[in-house]
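Notes for the one structure printed next.
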Amino acid sequence: MRHDRSVTNDSDDAERADRGDAVGPLALACGVLAGVFLLIPVIGDLIAATPAVAALALGAVGIIRHERGRSRRIALAAIGAILGALVLGAIGILFVASLAQAHP
């Protein structure tokens, strides 16, 4: 018996969407990790930059996947992207503050 691939079930679509939902939790984990690294004195801003950029990128990918219907959940991806952007903003503020302190 031949299976017609043009016919899909809702459960097949849900299963495909669940496989791509790992991007949101990864974005959130990177954002939280970046925030924790930012608390480390002296070198925290350098260490926090990489997971912050990763959180922002993964969050954007998760949001795009949701808009295209490939993912059902958007909240974790959006929170991860926001955390990444906040940490990058804090890194920028700390950098400008350190420059202003070095050259009064």
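Read-outs: derived from the displayed coordinates by stated rules, not from any lab. All of these numbers come straight from a predicted model, not from anything done at the bench. Neighbour counts are summed over all protein chains in view; Cβ atoms, including those assigned to glycine, are modelled from backbone coordinates with ideal geometry.
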Measuring from label point to label point, each 7 Å out along Cα→Cβ, what is the Leu46 to Ile74 span in nm? 3.9
For a test of the definition: using alpha carbon positions, the gyration tensor, and the 1.5 limit on a/c, classify the stretch 41-104 as rounded, prolate or oblate. prolate
